[in-house]
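Read the structure below first, then the notes.
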Amino acid sequence: MISSKDNTHLFLLLQMADSAFPVGGFAYSYGLESAVKHNLISDSDGLREYLITFSEQLIAFDFPFVAAAHQQSVISIQVDELKQLLAVYRSMLLNPPLSKAGCVMGRNWMKICKQITNSYLLDETEEVFTKEQLTFEFPVVFGLSMQATNFTLSQTLFLYFYMSMRDQISALIRLGAAGPSMAHTELQQILHLFAERVETYEPVHYSNAYKSAYLLELAQLSHDRVYSKLFQN
């Protein structure tokens, strides 16, 4: 039987997965506009290939950093290890505007998680970031906060994967690159395709993280010069 405590934890997980959760992820497209502009997505086959490529990079690049952060003890954070983790992550980012957007998401995520959980561990974690003048890189902040709120690594990775794909689907719809029905059908197929990969993921050291979507990375470099239908201003 599932206890009321487990159900409360499930409610928190569902709340975090909601696109209305105010962290900015709904508008954080990972440079999707550039991918559309450069015709990386022009038909249903291109859309499927894009989503698979994006998913593969999440597992190859983001997961090692999320997992490493989750394995940190938030009760007594090892500052030097955290600094090294953040430094390696930043060194692998190619696009300054997207890096800045990720830090904004990290700050927002920490702020809202503190508000809804009242976790003193999150207060102390934020104090470490502020005192040491660390950047709030989203994958690292995400892993630390999920550990502080007692979510398992498996739950953490599933939520991270789902949120990332959900935001891509939302952006695709708003850009007009895919209709709602088609986009959500693709989302379900991608979630089904990668479910076992996420569930059976064995953490690797973040020094072994790598980028696998080079064309997408190159397209994202022009992201800040592309007119966006997401923000018509």
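The values are calculated or read from the model by the stated rules, or taken from the named source; none is laboratory data. In this text the structure is predicted, and so the values were computed from the model without any measurement. Every residue, glycine among them, receives a Cβ derived from its backbone with ideal geometry; neighbour counts consider all protein chains shown. For accessibility, only protein heavy atoms count, side chains too; no ligands or nucleic acids. Shrake-Rupley method; radii C 1.70, N 1.55, O 1.52, S 1.80 Å.
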Restricting to segment 116-133, what's the tally of residues that are loosely packed, with under 12 Cβ neighbours inside 10 Å and over 16 Å from Asp80 (Cα atoms)?
2
Can you tell me which of Ser42, Ser19, Ser34 is more than 18 Å from Tyr160 (Cα to Cα), of a type in the set (Gly, Ala, Ser) and either at pLDDT 80 or above or surrounded by fewer than 20 Cβ atoms within 10 Å (Cβ to Cβ) (or both)?
Ser42
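Do the conditions hold for Arg48, that is, is it assigned to a helix (DSSP H, G or I), within 19 Å of His205 (Cβ to Cβ), open to solvent by 40 Å² or more (accessible area, probe 1.4 Å) and at pLDDT below 95?
Numbers: assigned to a helix (DSSP H, G or I): yes; within 19 Å of His205 (Cβ to Cβ): no; open to solvent by 40 Å² or more (accessible area, probe 1.4 Å): yes; at pLDDT below 95: yes.
Against the criterion (assigned to a helix (DSSP H, G or I), within 19 Å of His205 (Cβ to Cβ), open to solvent by 40 Å² or more (accessible area, probe 1.4 Å) and at pLDDT below 95), Arg48 does not qualify.
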Looking at segment 152-167 only, could you name the residues that are among the hydrophobic types (A, V, I, L, M, F, W, C) and modelled with pLDDT under 95?
Met163, Met165
Are any residues in segment 79-114 closer than 14 Å to Asp62 by Cβ and among the hydroxyl-bearing types (Ser, Thr, Tyr), and if so, which ones?
Tyr89, Ser99
Reported set for segment 119-140 where residues are outside any loop (DSSP other than H, G, I, E, B) and either among the aromatic types (Phe, Trp, Tyr) or touching a strand residue (DSSP E or B) at 6+ places or on another chain (Cβ under 7 Å) (or both) is Tyr120, Phe129, Phe138
If the Cβ limit is 6 Å and pairs must be 6+ apart or interchain, which residue in segment 62-86 that is open to solvent by less than 10 Å² (accessible area, probe 1.4 Å) pairs with which residue that is in a loop (DSSP other than H, G, I, E, B) and of a type in the set (Gly, Ala, Ser)?
Pro64/Ala209
Considering only segment 155-182, how many residues are open to solvent by less than 50 Å² (accessible area, probe 1.4 Å), in a helix (DSSP H, G or I) and in contact (Cβ under 8 Å) with a residue 24 or more places away in the chain?
15
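Among the residues of segment 109-118, are any outside any helix (DSSP H, G or I), modelled with pLDDT under 95 and over 25 Å from Tyr206 (Cα atoms)? Steps first, answer last, please.
If we filter segment 109-118 for residues that are outside any helix (DSSP H, G or I), which is where we start, we get 118.
Keeping just the survivors that are modelled with pLDDT under 95 gives 118.
With the extra rule that they be over 25 Å from Tyr206 (Cα atoms), the set shrinks to 118.
Scanning segment 109-118 turns up at least one residue that is outside any helix (DSSP H, G or I), modelled with pLDDT under 95 and over 25 Å from Tyr206 (Cα atoms).
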Taking Phe136 as meeting all but one of (1) surrounded by 15 or more Cβ atoms within 10 Å (Cβ to Cβ); (2) modelled with pLDDT of 95 or more; (3) within 30 Å of Ser42 (Cα to Cα), write down the number of the exception.
(3)
If Ile75 meets every condition in (1) at pLDDT below 90; (2) in a helix (DSSP H, G or I) apart from one, which number is that one?
(2)
Condition met for Gln57 (open to solvent by 10 Å² or more (accessible area, probe 1.4 Å) and over 13 Å from the mean Cα position of the chain (by Cα))
no
In segment 141-151, how many are open to solvent by less than 60 Å² (accessible area, probe 1.4 Å) and assigned to a loop (DSSP other than H, G, I, E, B)?
2
